[in-house]
1. Placing +1 at every Lys and Arg Cβ and -1 at every Asp and Glu Cβ, with all other atoms neutral, what dipole size does segment 5-81 have around its Cα centre, in debye to the nearest 20?
2. Among THR52, SER20, ILE64, which residue has its Cα furthest toward the positive end of the charge dipole of segment 17-72, with +1 on Lys/Arg Cβ and -1 on Asp/Glu Cβ?
3. Run the numbers on segment 18-92 and let me know its relative contact order in percent, using alpha-carbon pairs under 8 Å that are six or more apart.
Amino acid sequence: QSIVLRNKAFSSDVYSVTFSPFSESMLVTTGLGHLKIWDMASTFTGLKLQGTVGKFGKVEISDISSCVAFPDGKILSGSEAGSLLLWEANLVKCELMRFNADSTAATPAAATTT
């Protein structure tokens with residue numbers, strides 16, 4: 001094994017790194033209030049890691065503990081609030097929360113889209 005690329009990951013704590021089984025050049029870091037999608041790109045100076053920070057939009061920013069990548073490039077992650085976030089590119093496309101039958105409030109798994 002050898003180091004191919006090295007880059008400052010993020011200014012916040014990183015909890016996990018997930019390599020996409022569908023793309024050799026993609027990985028995702030998750031952690032304290034963030035999800036960041038990294039792609040290895042060829043530039044005139046050689047290979048570089050380029051990162052795109054996930055934008056929560058209308059969804060409350062939370063710590064992201066882990067994620068999984070899908071063949072179409074979408075990412076599913078878990079949030080500290082207990083909901084699942086479906087990411088398309090770097091935007092939250094859908095939040096899944098569980099409906100609590102004991103109350104009228106949705107708790108993290110009724111689907112809401114942003």
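Every number in this text was worked out from the coordinates using simple rules, so none of it is lab data. The structure displayed is predicted, hence computed values, not measured ones. Here the Cβ positions follow ideal geometry from the backbone for every residue, glycine too, while neighbour counts run over all protein chains shown.
1. Working: 7 positive and 7 negative charges, 53 e Å.
In debye, rounded to 20, segment 5-81 gives about 260.
2. Checked the options; the winner is THR52.
3. Working: 150 pairs, mean separation 19.5, N = 75.
Taking the mean separation of contacting Cα pairs over the length of segment 18-92, I get 26 percent.
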